[in-house]
1. With r as the distance between the Cβ atoms of Ser8 and Glu87 and R0 = 25 Å, compute the FRET efficiency 1/(1 + (r/R0)^6) and round to 0.05.
2. For the range 223-240, what does the Karplus curve 6.51 cos²θ - 1.76 cosθ + 1.60, with θ = phi - 60°, yield as ³J(HN,Hα) per residue in whole Hz, taken in order and with x for Gly and Pro?
3. For the residue pair Asp241 and Ser105, what label-to-label distance in nm results when each label sits 7 Å from Cα along the Cα-to-beta-carbon direction?
4. Determine the alpha carbon to alpha carbon distance for each of Lys45/Lys240; Lys71/Lys234; Lys64/Lys91; Lys64/Lys108 and list only those over 24 Å.
5. Between Glu253 and Asp226, what FRET efficiency follows from the Cβ-Cβ distance if R0 is 25 Å, with the result rounded to 0.05?
6. Using 7 Å Cα-to-Cβ label points, what is the Asn26/Asp59 separation (nm, one decimal)?
7. Ranked from highest to lowest mean number of other Cβ atoms within 10 Å per residue, what is the order of the peptides 177-187, 5-15, 214-224?
8. Along the Cα→Cβ direction, 7 angstrom out, place labels at Ala178 and Val33. What is the inter-label distance in nm?
Amino acid sequence: MAKRRMISLDIYDSDDFLEMPSESQNLFSHLTVRADDDGFVSNPKRIRRMLGYGENVFDVLLGKGYVLAFKTGYVVITDWPTMNRVEPSKKTITNAKYEKAQLRSINKRYELDENADTSILEDVSRNILESRQFISRKILEQGRLGKVSLVQVKDDDEYNQSLEIQKSAEAFPKTTIAELLDDNPQVEGLVNDLFSDLIVDNPDQAFEAINAVVSQYWRLRTLLDDGNEVLNFKEKVHGKDKGILAVIKEAAEAQLEYMKPRLANFNMFGRYFENGLIDRVNTAISSGGISNGN
């Protein structure tokens with residue numbers, strides 16, 4: 001498999017890409033670097049957790065169509081044919097053979113094959129691809145008839161419906177705190193200890209802080225699986241999963257204490273807490289102790 005990857009300035013310099021959160025932009029870059037020679041990534045969740053990002057960071061890429069997700073766990077970079085082309089003699093065939101068979105490259109972008117098995121696609125990706133497919137077909141038909149009128153195309157009920165599908169796919173409903181904890185019950189007790197008052201007083205900032213805890217939990221789980229010595233020791237002392245929670249709790253409590261006399265704008269609570277938590281957790285798992293400074 002090729003070890004070098006190319007990026008397209010046409011994509012990275014577009015308003016649509018630059019308007020995404022920096023975390024989503026960074027995740028896209030990491031997925032692109034780690035993709036196989038056909039643009040498929042087999043472990044997107046692991047990569048996201050290694051970076052310490054929540055699911056919402058990936059959801060932005062998914063909703064905007066920069067990646068396509070399959071129920072098998074694979075994702076593919078939609079614009080891969082634009083950015084990377086590996087010479088056949090140097091190419092390693094993707095393991096995602098069935099997933100790739102459902103796609104074809106049109107104008108240097110992955111689109112649905114005419115006979116695609118769409119059932120293996122996640123709903124958001126399927127809706128995006130089907131709406132693109134219909135719009136392209138409709139415009140092509142109008143062009144053949146010499147009627148490339150946007151007014152005529154937009155009057156078509158099916159066209160309007162396809163646009164609504166695409167818009168709805170891009171507009172993810174905001175996850176609630178309850179849903180976040182339902183998906184991550186491992187941290188619920190810790191979250192209630194840390195943020196019980198904040199959840200009532202300012203749920204928006206509480207959500208950001210809780211999401212930071214969730215992200216660090218899954219990141220540390222990944223590092224534990226990779227053999228991090230500090231985490232292995234903590235798990236032996238505290239018990240399975242409790243070692244990870246102990247690291248996060250100590251780091252979170254230290255950061256909250258640090259923030260008390262220093263936080264001037266409470267609307268920055270979530271972001272300030274997240275940044276400090278990441279730094280303190282990194283210190284803990286590299287040295288075995290929590291730093292008192294931010």
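Coordinate-derived values only; no laboratory data. No experiment lies behind these values; they were computed from the predicted model shown. When we count neighbours, we look across all protein chains shown, and the Cβ atoms used for this are built from the backbone with ideal geometry, even at glycine.
1. Details: r = 19 Å, r/R0 = 0.74.
That pair, Glu87 with Ser8, gives E of 0.85.
2. Working through the residues one at a time gives 5, 4, 4, 7, x, 4, 5, 5, 5, 4, 5, 4, 5, 5, 6, 9, x, 4 Hz.
3. 4.4 nm
4. Values: Lys45/Lys240 22 Å; Lys71/Lys234 35 Å; Lys64/Lys91 29 Å; Lys64/Lys108 17 Å.
Exceeds cut-off: Lys71/Lys234; Lys64/Lys91.
5. On the way: r = 26 Å, r/R0 = 1.04.
According to the calculation, E is roughly 0.45.
6. Result for the modelled spin labels: 2.0 nm.
7. Values: 177-187: 14.4, 5-15: 12.1, 214-224: 21.3.
Result, highest mean first: 214-224, 177-187, 5-15.
8. 4.0 nm
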